[in-house]
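Worksheet: the structure to be examined is printed underneath.
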Amino acid sequence: MKKDIRSLTYGELENEIKALGLPRFRAGQIYRWLHVSLVESFEEMTDLPKSLRQSLNDNFVIFGCTIEMKLVSEYDSTIKYLFALNDGEVIETVLMKYKYGYTVCVSSQVGCRMGCKFCASTLGGVVRSLLPSEILGQVYAVERDNGIRVSHIVMMGMGEPLDNFDNVMRFLQLVTDEKGQNIGMRHISLSTCGIVPKIYELMDKNLQLTLSVSLHAPNDEIRSSMMPVNNAYNIEKLMSACREYAKKTSRRISFEYALVRGVNDTAACAAELASRLGGMLCHVNLIPVNEVKETKCRESYPETVKKFADVLSSKGITVTVRRKLGADINAACGQLRRSRTANNSATGERN
Ligand code: SAH
């Protein structure tokens, strides 16, 4: 079996190169081709002797992403990609342009097994977890396609990152490596539906990334009706993990709250949420739920969203109402892959 070369750390690559009887400086060259020049084949590593390129090709494989479909929003230039992996599975990646730079939203799994009722990514269950190289490959493919450098990464695409813990940790190590993309850990957000033991495991790594927690409800009754994970780890357990996490890492936790009409959007919900979060180093992101046709969730009315935000602010909780980007291109999690795999046909521009 050929080895997945782009998932290797610099040190591991050096060892592999040594094992092939090659001088150590070759590792530096190859690592640069893989993680700075972003080549897709050994053939492109033009300053290596042909025999070495051949031997790399015999021993290793470069996993990447090829563009299967690309949709550009007419409203805000957000780009949504459907990428094909080496085994033909498809995943979604989104590029967003902000004043401060480019942000890529990456997937961590093909599908998801968390079962959140409002989310399209989980409708068909999980197919498999992504390799570190396949998470990196999304960033690299977007950079190549647009001739840009990405400054921020959010792990808010398909899948549950903490359900693919080891590969996600390795991805973080690789993408922040100063010999590679050198993206600052503080420029990375990781979003979880709340797998409590994994939050503690992440806390012990003491990373400077931003932890986003998909809360979506102020109490167990509502949360369990929206998110099955709440049956395993209820709000109280989740909140104590979050409090401890914020204390240990001194990093503000970001709570995601998708407002669903008539489900979790009343002023009473807002007040209950405020009392849950009181005193914690945190921030709340409100977003009207993206309507997915297979789910019954409908977005809250704008005045309800405003009222909800006002209640939180009046109780001293910092809150933003998130802008919706790419609403015209199915930019919300899992919808594009879904439309592709469910109907086997898709609209949009093909590459
Ligand atoms: N599994 C992780 C990360 C992927 S989802 C998590 O649950 O956090 C990224 C964010 O989008 C999560 O907050 C998720 O709850 C939210 N989300 C999923 N479907 C949505 C929808 N239809 N509308 C609004 N937000 C949605």
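The values are calculated or read from the model by the stated rules, or taken from the named source; none is laboratory data. Here the structure is a predicted model, which is why all the values come from computation and not from measurement. Every residue, glycine among them, receives a Cβ derived from its backbone with ideal geometry; neighbour counts consider all protein chains shown.
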For the stretch 47-64, does any single residue satisfy the condition of being within 20 Å of the chain's Cα centre (by Cα) and surrounded by 17 or more Cβ atoms within 10 Å (Cβ to Cβ)?
yes
When residues of the stretch 92-123 are limited to those that are within 16 Å of the ligand (Cβ to nearest atom) and among the charged types (D, E, K, R), the one farthest from the chain's Cα centre (by Cα):
LYS117
Log entry, pairs with first residue in the stretch 297-321 being closer than 27 Å to LEU123 by Cα and free of Cβ contacts under 8 Å to residues at least 40 places away in the same chain, second being buried (at least 20 other Cβ atoms within 10 Å of the Cβ) and of a type outside the set (Phe, Trp, Tyr), beta carbons closer than 8 Å, six or more apart or on different chains, reads ARG298/VAL260; ARG298/VAL289; VAL321/LEU286
Test result for THR78, at pLDDT below 95 and within 30 Å of ALA327 (Cα to Cα):
yes
Could you say which residue among CYS242, CYS297, CYS333, CYS269 is modelled with pLDDT under 95 and over 30 Å from ILE67 (Cα atoms)?
CYS297
Within the group ALA270, ALA309, which residue is within 22 Å of CYS116 (Cβ to Cβ), of a type in the set (Gly, Ala, Ser) and more than 13 Å from the ligand (Cβ to nearest atom)?
ALA270
Considering only the stretch 209-228, I want to know if a residue exists there that is touching a Gly at 6+ places or on another chain (Cβ under 8 Å) and either away from the ligand (no atom under 11 Å from the Cβ) or β-branched (Val, Ile, Thr) (or both).
yes
Output yes when any residue across the stretch 139-146 is over 15 Å from THR93 (Cα atoms), away from the ligand (no atom under 13 Å from the Cβ) and part of a helix (DSSP H, G or I), and no when none is.
no
Being farther than 24 Å from ILE188 by Cα and under 27 Å from the mean Cα position of the chain (by Cα) is the requirement here; does SER300 meet it?
yes
Every residue in the stretch 122-138 that is at pLDDT 95 or above and of a type outside the set (Val, Ile, Thr), please.
GLY125, ARG128, SER129, LEU130, LEU131, PRO132, SER133, GLU134, LEU136, GLY137, GLN138
Per-region count, the stretch 277-293, residues crowded, with 20+ Cβ neighbours inside 10 Å and more than 15 Å from the ligand (Cβ to nearest atom)
1
Conditions (1) within 30 Å of TYR98 (Cβ to Cβ); (2) surrounded by 21 or more Cβ atoms within 10 Å (Cβ to Cβ); number of the one not met by SER189
(2)
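In the set VAL154, VAL126, VAL168, which member is more than 23 Å from SER254 (Cα to Cα), of a type in the set (Val, Ile, Thr) and within 13 Å of the ligand (Cβ to nearest atom)?
Within the list VAL154, VAL126, VAL168, the selection yields VAL126.
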Kindly list the number of the only condition in (1) within 15 Å of the ligand (Cβ to nearest atom); (2) crowded, with 16+ Cβ neighbours inside 10 Å that fails for LYS296.
(2)
Do you know which residues across the stretch 171-208 are more than 16 Å from the ligand (Cβ to nearest atom) and among the small types (Gly, Ala, Ser)?
GLY180, GLY184
